[in-house]
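Scroll down for the structure; my scribbles are underneath it.
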Amino acid sequence: MKNILLELTDSEAILVNHAAKLAGVDIAKFIISAANQQAVKNLTSHGRIVLDNEAFQRLTTVLENPEQATDELKQLMMLN
């Protein structure tokens, strides 16, 4: 377990305290829950690509019908 010290303004403390009471949890659990939700949201948004239908179709076409590898590309791939 880790301890984290947070400094809140009076208005932030009142807001968080009120929201935690409405959620039926203590302030620490409320803040941890909110931080976890935001962390998951941020992490998943960086690992995901969102395409509209047109872009998805273009990507699918390219993946399903790749161009033939050139001699230069074949030589490059052999370097690894």
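We did not get these values from a lab; they are worked out from the coordinates using the rules stated. Computed from a predicted structure; not experimentally measured. Glycine gets a Cβ as well: all are built from the backbone with ideal geometry, and neighbour counts include every protein chain shown.
Go through the range 7-78 and tell me which helices (runs of 4 or more DSSP H), entirely inside it, have 1 or more residues that are free of Cβ contacts under 8 Å to residues at least 24 places away in the same chain, in contact with a Phe, Trp or Tyr (Cβ under 6 Å, 6 or more places away or on another chain) and hydrophobic (A, V, I, L, M, F, W, C).
Once the helices (runs of 4 or more DSSP H) in the range 7-78 are filtered for at least 1 residues that are free of Cβ contacts under 8 Å to residues at least 24 places away in the same chain, in contact with a Phe, Trp or Tyr (Cβ under 6 Å, 6 or more places away or on another chain) and hydrophobic (A, V, I, L, M, F, W, C), what remains is 10-23.
Could you look through the range 31-80, keep only residues that are of a type in the set (Ser, Thr, Tyr) and closer than 30 Å to LEU8 by Cβ, and pick out the one that is surrounded by the most Cβ atoms within 10 Å (Cβ to Cβ)?
The selected residue is SER33.
So which residues in the range 1-19 are surrounded by 10 or more Cβ atoms within 10 Å (Cβ to Cβ) and under 25 Å from the mean Cα position of the chain (by Cα), if there are any at all?
Residues of the range 1-19 that are surrounded by 10 or more Cβ atoms within 10 Å (Cβ to Cβ), as a first pass: 6, 8, 12-19.
LEU6, VAL16, ALA19 - these are the residues of the range 1-19 that are surrounded by 10 or more Cβ atoms within 10 Å (Cβ to Cβ) and under 25 Å from the mean Cα position of the chain (by Cα).
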